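Trainee: So that we are looking at the same thing, I have put the structure below in structure tokens.
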Amino acid sequence: MKKIVKYLICVLFSGILISSCEKSLDLVPLDKYSEATFFQTPEQFKLFANQFYNGLPDFSSTTAGDTYSDILASWSLSNISNGSYSPSPANGLWSSCYSKIRYTTYLIQKGEEVASNIKTQISIYVGEAKFFRAMAYFDLLKDFGGVPIIDKVLNLEDTQLLYGPRDTREAVVDYILKDMDDAIGLLPLEKDIAGNDKGRVSKEAGWSLKARIALFEGTWRKFRNQDGNALLDKAIEASGQVISGGQYQLFDRRDVLGDKSYKYFFILDKVKSNVANLTKADQKEYIFVNKFDNDIRPAGIPSAHGFPSVTKKFADLFLCSDGLPIEKSPLFHGRLTVSSEYDNRDLRMTNILQKPFTQFWASYPPEYNRNWANPDAGGNIFDLNFGNATQTGYYSFKFRTEIAGPYAPDYPVIRLAETLLIYAEAKYERNSLISDADLDLSINKLRIRAGLPPLTNAFVSSNGLNMRTEIRRERTIELFLEGFRFDDLKRWKTAESEMPQALKGVLWTGTQYATDSRWSNISFPLDTDGCVIVEPANKRTFTEKHYLFPIPTRQILLNPQLTQNPGWE
Amino acid sequence: MAIMSYGSNYNKKISGRFKNDFKVTDFLEVNTNFSFQNQKIIEPTNYSGMQSWQGLLWPCLMPYNKYGHLYNFGSNQNPIGFASESGDVTTLNYRISGLLALVFTPFKDFKLTSEISSNFDISENDWANLGFDMYDENDKYSYNSTNNRNSAGANYRRSRYTVANLYANYEYILLDKHRFNFLAGYSHEENDTRAFSAERRLGLISSEIPTFAMGDSEQQYNGESKADMSLNSAYARVGYDFEHKYLIEGNFRYDGSSKFAKGYKWAPFFGVSGAWVLSNEKFMQKMKNAIDYLKIRSSWGQMGNQASIGLYDFISQVNIGGRYPMGNPLSPVISQSATLGGMSSLTRSWETIETSNIGIDYAGIDSRLSLTLDFFVKNNKNMFFSKEFPQVLGTSAPSINGAHVRTKGWEISIGWKDKVGEFNYFANLNLSNNTNKVVELVETGIPSLGTNGYLQGYPVGSIFGYKFDGFIQNESELSAHTSKFTSGIPNNLKPGDVRYVDMDGDGKLIPQAYQLGPDGKPTVTSGDLVKLGDNGQHYLFGINLGGSWKNIDLSAFFQGVGKWTVYETNDPAVYPFISYYYGEVWTTAKPNSVYPRLTQDGTVLGYDFQVSNAPYKLFNNRYIRLKNLQIGYTLPSIITRKVMLDKVRVYFSGTDLWEANKLPGTYDPEKPFALQATPMPRGYSFGINVTL
């Protein structure tokens, strides 16, 4: 009996200790949702769609894009701009785009699986996903041409797609445009987007992006002896929808901001950022932005120090105020002094470039900040500090805020000015002709804002100008630093002649630069005209192969079906 | 002692332990063990900011300007400000551990043990991140470290860990020769953690009192995370011992983990071992002087591993986070995003590490000499590995049991102790080495420039780089070199830049492995990278020397590595001020310099300093370090007895007092090329041991 009690005690007490444990081996996350039970409510679809907004282009990414082109010279000369780069194992755009494609497709696929009663409630988010997916494929198309189309959420067994070949350029374009048409069908008009949802993709943003894509590919084909007309028609139709909708207007507040209206347009903030107290709420030009906020999400804007220099080629694009190029206009004051070339020009010239020996304000250092109590005081003088502020003599302050951080101008992903430029270019390229009425509907609005006379067919012919050149000039100036120039040269197929030209700075010989003692101790290589050469033509190359970037080589090693772009093998 | 000259630097620890075993009845014994620890640390909130800026700053910059203000140059921030002016974080760490074991002995030689132990770890801190102002050399205000967005917050984290263990042990002795030992048991482990944080901006009200309760209620942030895991194991062991000469043992365990998906949670593991104690054999007794103890042993066993993977990887998780300002630009609402975690890992199970070992233990020459020798082969047959898929997948693949890594190694340790007159001394040496190789992989793996993870047929951590071919000395060498290349080298090389060998001779410098096909010619995908070594530490050694003479004792412990391939990771584009560049950079006047020319051109600089076997890039970081040195003096007992003390010893002890190595500069050899780190500390301490 005593023995039995003893054993019972053993078992009992052992059991008590062991039973203090509570967890089995079947544990699930305590602070996260499981994917299997997510995607049930419209709110969850919205939360999932929100991630795509965080991946929009911003100030730094598009500045980097323009350094590839002929209008900027970066301090450490860009090997993309000078064509000396070679295929590399990895490419950030390739991987980030396919990641975006996976997650946009995820939402689209989940949208097909949900109960029918919420299908209509989530259709907006499916539309957003298609918009962002088209954006990702368009980025791939611009850089690489035809790429593999992945039209489902891949798992590891999908070897046919994982290790499949590239699709043709045409197939990719069709796929993008199909997504855009679907998106436009599902997205709401801007006026129908509720207050707390402002900033989400609108139908107008859909039309604008579609127009951008159609113009890109339409002209790409046209200048490669293929038929681009159907695409140009799409570009005209889609940009026309935005223009006729009347939802957006160009920002022009010269009434309160004077000649600096255009400059302050790009740095409107929530906090005070200009003498007229205009805020981000006072512009109606931006169609789709990457949104920033001083408290929630401050913007990062490339600092002034180390910013790439603007080339002479870009500075010379600005027309004189009579609408004529500098080589034709009697109003051009020449380059005798360091600032004479800034006289009588397109208003945008002094709104984008800092005129030498004029005052400017910056976000850093503090003494350069604007003091709104005394707005004309302080700041600094742009003193043409070669080797520090500029290497060309030209200096840009587009997008630079004048106030201390945290600042938060929005970054324009799509704005009306571009849509107007698309309309004009597509109209012209469609029939090699554009009517004065269409010019008035589109780029003349930009020219008026820039203090220029309207462009007409008569003005072009009477002054020996070229309509295409003028349309392209307008585009290059207006969209400076917004990441278009390099792609434009490629689709126009002019990169092979434009890109190999030397990157130049100001005219030195015979001007104040050569005679003024301030610069007597510096010397530059000069061309035969006496202009500063930052990178000579013999160090720059752009051949047929450079129209497409090489496919990242590691991806080819992983999947030999993925063929390299021509010339990069 | 404080390690930093600036800022708060406080660390205090109190701990206690209580252990008691008592017999309750003739068949029940209770063991208890209780301990606590309480630690308080105060240090700068921006410790990492301090570390990184002290690593980034040029040595010529002054800490303060002549007006006594914190100085900054350009956008460089002041590490002293981060140490002393940017607020402190006060961390309290508590640990309470307890163990309760009931040991029943219902009948002779049988023991049933039931034990439970728990650790509670709590770590909480409160911090303030205060902006400090910096000034230029003319005392002009130039920068505030936080742009006046001062903030304060607190973190709380606790972890609860419990182990319950129930096992029975039975020993059976037959005829005093055969000893059997049986053990069987079951254990359960569980752990859960919870953490939350809160933060508010202070700037708008005051930064005088650094508590977030005083912050701006419009600017408050908080977060939470929690997680748990559990492990179950059943295990058994049978041992047999014949006259302490022949020993044999078998064991088995069956482990289950919550980290794997259903159906993959459990795995069995086996092991056997045997030993022969030769010195207990009769025929060895004549050699008793030379051999006190000699044992040959061998084992084969499996072990499970489930560390280094996520807790719930078998579930595809949705994360919520991020801040995007949606809505009206003047009064936006914070919009969070839902994102997917990695792909789920449904079929992954335990890693099985199989180790075979043979070893000898020896002691002899009147116990003056001791020797241990071991050889082992370790096979991790289903190691966690994440296969690389084409990036069109859009995410990375989850890790699977996809690699087989074999490690072979040996270890030897020799000890000698003796005395000469009043001088006692000892010397111990141990030396070990192992090499590994990926013998099987679910993919072949593509070598890339730098350190690689797993590549079939190569050691883990293999380093690939270009083959260095000297500096280009003049224009004719330059054109001779560049004319050989059609791509892969910068278009503006100059004398003073580096030549790398075009291994496959295709006129392109390509960052892919140099590979020969079966025909002895480079393959189509061959590049120019060659294997330069692996990042493992080889020939690790330790030397322990000591002696005493009369009342004085001395001991020293040296530690080191015989072979460790490392490459310089500090880019001169970021760290142009590193002192070992001075006077050692290529110029026409110094063609035999250590380093290539320095240039502002980032493309060329990147090319000159990429991974290769150049003598300025690749190093064997072999080193020896005096880890510890102690000198003691014991007061004569005639004196100490008078004050009723048994023994009083005063000592000096130093840690990391000396080292010899091959790296340039003054890096800590244990952290090669770590620039943004706390500088290598040397420790000195004096102490007294008192025995009552």
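The values are calculated or read from the model by the stated rules, or taken from the named source; none is laboratory data. Bear in mind that the values here come from a model prediction, so they are computed numbers and not experimental data. Cβ: placed from backbone, ideal geometry, glycine included. Neighbour counts: every protein chain shown.
Trainee: Please work out which residue is surrounded by the fewest Cβ atoms within 10 Å (Cβ to Cβ), limiting yourself to the range A:85-107 and to residues that are polar (S, T, N, Q) and closer than 24 Å to B:N492 by Cβ.
Mentor: Per the stated criteria, the residue is A:S88.
Trainee: Determine whether A:E418 is out of contact with any Phe, Trp or Tyr (no Cβ under 9 Å at 6 or more places or on another chain), surrounded by 18 or more Cβ atoms within 10 Å (Cβ to Cβ), acidic (D, E) and in contact (Cβ under 8 Å) with a residue 60 or more places away in the chain.
Mentor: It is false that A:E418 is out of contact with any Phe, Trp or Tyr (no Cβ under 9 Å at 6 or more places or on another chain), surrounded by 18 or more Cβ atoms within 10 Å (Cβ to Cβ), acidic (D, E) and in contact (Cβ under 8 Å) with a residue 60 or more places away in the chain.
Trainee: Hey, another quick one. Go through the residues of the range B:263-273 one by one and say whether even a single one is without any contact (Cβ under 8 Å) to a residue 60 or more places away in the chain, more than 30 Å from B:R157 (Cα to Cα), surrounded by 15 or more Cβ atoms within 10 Å (Cβ to Cβ) and more than 35 Å from the chain's Cα centre (by Cα).
Mentor: Among the residues of the range B:263-273, not one is without any contact (Cβ under 8 Å) to a residue 60 or more places away in the chain, more than 30 Å from B:R157 (Cα to Cα), surrounded by 15 or more Cβ atoms within 10 Å (Cβ to Cβ) and more than 35 Å from the chain's Cα centre (by Cα), which makes the answer no.
Trainee: Okay, moving on. If you take the residues in the range B:491-517 that are touching a residue at least 40 places away in the same chain (Cβ under 8 Å) and among the hydrophobic types (A, V, I, L, M, F, W, C), which one is farthest from the other protein chains (Cβ to nearest Cβ)?
Mentor: So the residue we want is B:V498.
Trainee: Every residue in the range A:29-44 that is buried (at least 16 other Cβ atoms within 10 Å of the Cβ), of a type outside the set (K, R) and without any contact (Cβ under 8 Å) to a residue 60 or more places away in the chain, please.
Mentor: A:P29, A:Y33, A:E35, A:F38, A:Q44
Trainee: Can you confirm whether the range B:622-635 contains a residue that is part of a strand (DSSP E or B), buried (at least 19 other Cβ atoms within 10 Å of the Cβ) and among the polar types (S, T, N, Q)?
Mentor: Within the range B:622-635, not a single residue is part of a strand (DSSP E or B), buried (at least 19 other Cβ atoms within 10 Å of the Cβ) and among the polar types (S, T, N, Q).
Trainee: Kindly indicate whether any position in the range B:348-355 is among the hydroxyl-bearing types (S, T, Y), closer than 30 Å to B:I309 by Cα and within 11 Å of chain A (Cβ to nearest Cβ).
Mentor: So far as the range B:348-355 goes, no, none of its residues is among the hydroxyl-bearing types (S, T, Y), closer than 30 Å to B:I309 by Cα and within 11 Å of chain A (Cβ to nearest Cβ).
Trainee: Related question: I need the full set of residues from the range B:372-388 which are more than 24 Å from the chain's Cα centre (by Cα) and modelled with pLDDT of 95 or more, in order please.
Mentor: Within the range B:372-388, B:T372, B:L373, B:D374, B:F375 meet the criteria.
Trainee: Only one residue in B:N150, B:N144, B:N169, B:N181 is within 9 Å of chain A (Cβ to nearest Cβ) and not small (G, A, S). Which one?
Mentor: B:N144
Trainee: Moving on. From A:K272, A:K222, A:K203, A:K191, grab the single residue that is of a type outside the set (A, V, I, L, M), touching an Asp or Glu at 6+ places or on another chain (Cβ under 7 Å) and either surrounded by fewer than 23 Cβ atoms within 10 Å (Cβ to Cβ) or without any contact (Cβ under 8 Å) to a residue 40 or more places away in the chain (or both).
Mentor: Going through A:K272, A:K222, A:K203, A:K191 in turn, the sole match is A:K222.
Trainee: Between a residue in the range B:392-418 that is on the phi > 0 side of the Ramachandran plot and any residue that is of a type in the set (A, V, I, L, M, F, W, C) and outside any strand (DSSP E or B), which pairs come within a Cβ distance under 7 Å, given they are 6 or more apart or on different chains?
Mentor: Final answer for the pair search is B:G394/A:I101; B:G394/A:L154.
Trainee: Moving to a separate point now. Taking the condition of being touching a Ser or Thr at 6+ places or on another chain (Cβ under 8 Å) and either of a type in the set (D, E, K, R) or closer than 25 Å to A:T543 by Cα (or both), how many residues in the range A:487-531 meet it?
Mentor: Looking only at that region, the number is 11.
Trainee: Only one residue in A:S81, A:S69, A:S61 is surrounded by 22 or more Cβ atoms within 10 Å (Cβ to Cβ), out of contact with any strand residue (DSSP E or B) (no Cβ under 7 Å at 6 or more places or on another chain) and more than 14 Å from chain B (Cβ to nearest Cβ). Which one?
Mentor: Answer to the check: A:S69.
Trainee: From the list B:N319, B:N289, B:N280, B:N305, which residue is within 14 Å of chain A (Cβ to nearest Cβ) and surrounded by fewer than 18 Cβ atoms within 10 Å (Cβ to Cβ)?
Mentor: So the residue among B:N319, B:N289, B:N280, B:N305 that is within 14 Å of chain A (Cβ to nearest Cβ) and surrounded by fewer than 18 Cβ atoms within 10 Å (Cβ to Cβ) is B:N319.
Trainee: Taking the residues in the range B:421-452 that are away from chain A (no Cβ under 14 Å) and of a type in the set (D, E, K, R) as candidates, determine which candidate is farthest from the chain's Cα centre (by Cα).
Mentor: Looking at residues that are away from chain A (no Cβ under 14 Å) and of a type in the set (D, E, K, R), I get B:E422.
Trainee: Within the range A:430-443, can one find any residue that is of a type in the set (S, T, N, Q), touching a Leu at 6+ places or on another chain (Cβ under 6 Å) and at pLDDT 95 or above?
Mentor: yes
Trainee: Still on this structure, I have one more. Out of A:T311, A:T279, A:T350, which single residue is out of contact with any strand residue (DSSP E or B) (no Cβ under 6 Å at 6 or more places or on another chain), polar (S, T, N, Q) and under 30 Å from A:A537 (Cβ atoms)?
Mentor: Criteria check complete, one pass: A:T350.
Trainee: Scan B:M4, B:M50 and give me the residue that is at pLDDT below 85 and surrounded by 13 or more Cβ atoms within 10 Å (Cβ to Cβ).
Mentor: B:M4
Trainee: In the range B:390-405, which residues are surrounded by fewer than 21 Cβ atoms within 10 Å (Cβ to Cβ) and touching a Ser or Thr at 6+ places or on another chain (Cβ under 9 Å)?
Mentor: Passing the criteria: B:T395, B:S396, B:A397, B:S399, B:I400, B:N401, B:G402.
Trainee: If we only count strands (runs of 3 or more DSSP E) wholly inside the range B:95-181, which ones have 3 or more residues that are buried (at least 16 other Cβ atoms within 10 Å of the Cβ) and free of Cβ contacts under 8 Å to residues at least 60 places away in the same chain?
Mentor: In the range B:95-181, B:110-129, B:151-174 are the strands (runs of 3 or more DSSP E) which contain 3 or more residues that are buried (at least 16 other Cβ atoms within 10 Å of the Cβ) and free of Cβ contacts under 8 Å to residues at least 60 places away in the same chain.
Trainee: Looking only at the range A:34-57, how many residues end up being in a helix (DSSP H, G or I) and of a type outside the set (S, T, N, Q)?
Mentor: Selection size over the range A:34-57: 11.
Trainee: If you scan the range A:369-384, which residues turn out to be in contact (Cβ under 8 Å) with a residue 24 or more places away in the chain and buried (at least 16 other Cβ atoms within 10 Å of the Cβ)?
Mentor: Passing the criteria: A:N369, A:R370, A:F382, A:L384.
Trainee: Select, from B:S233, B:S207, B:S187, the only residue that is at pLDDT below 80, surrounded by 17 or more Cβ atoms within 10 Å (Cβ to Cβ) and polar (S, T, N, Q).
Mentor: None of the others qualify; the one that does is B:S207.
Trainee: Out of the residues in the range B:571-602 that are exposed (fewer than 15 other Cβ atoms within 10 Å of the Cβ) and among the aliphatic types (A, V, I, L, M), which is nearest to the other protein chains (Cβ to nearest Cβ)?
Mentor: So the residue we want is B:V574.
Trainee: May I ask you to verify whether B:L455 is within 14 Å of chain A (Cβ to nearest Cβ), within 29 Å of B:F609 (Cβ to Cβ) and in contact with a strand residue (DSSP E or B) (Cβ under 7 Å, 6 or more places away or on another chain)?
Mentor: Spelling it out, B:L455 is indeed within 14 Å of chain A (Cβ to nearest Cβ), within 29 Å of B:F609 (Cβ to Cβ) and in contact with a strand residue (DSSP E or B) (Cβ under 7 Å, 6 or more places away or on another chain).
Trainee: Also: Suppose the filter is within 20 Å of A:V532 (Cα to Cα), within 14 Å of another protein chain (Cβ to nearest Cβ), surrounded by 19 or more Cβ atoms within 10 Å (Cβ to Cβ) and not hydrophobic (A, V, I, L, M, F, W, C); does A:P356 pass it?
Mentor: No; evaluated as a whole, the condition is false for this residue.
Trainee: For the range A:346-363, does any single residue satisfy the condition of being among the aliphatic types (A, V, I, L, M), modelled with pLDDT under 95 and more than 17 Å from A:G505 (Cα to Cα)?
Mentor: yes
Trainee: Within the range B:558-578, can you find the residues that are under 16 Å from B:K662 (Cα atoms) and either modelled with pLDDT under 90 or in a strand (DSSP E or B) (or both)?
Mentor: Within the range B:558-578, B:Q559, B:G560, B:V561, B:G562, B:K563, B:W564, B:T565, B:V566, B:Y567, B:T569 meet the criteria.
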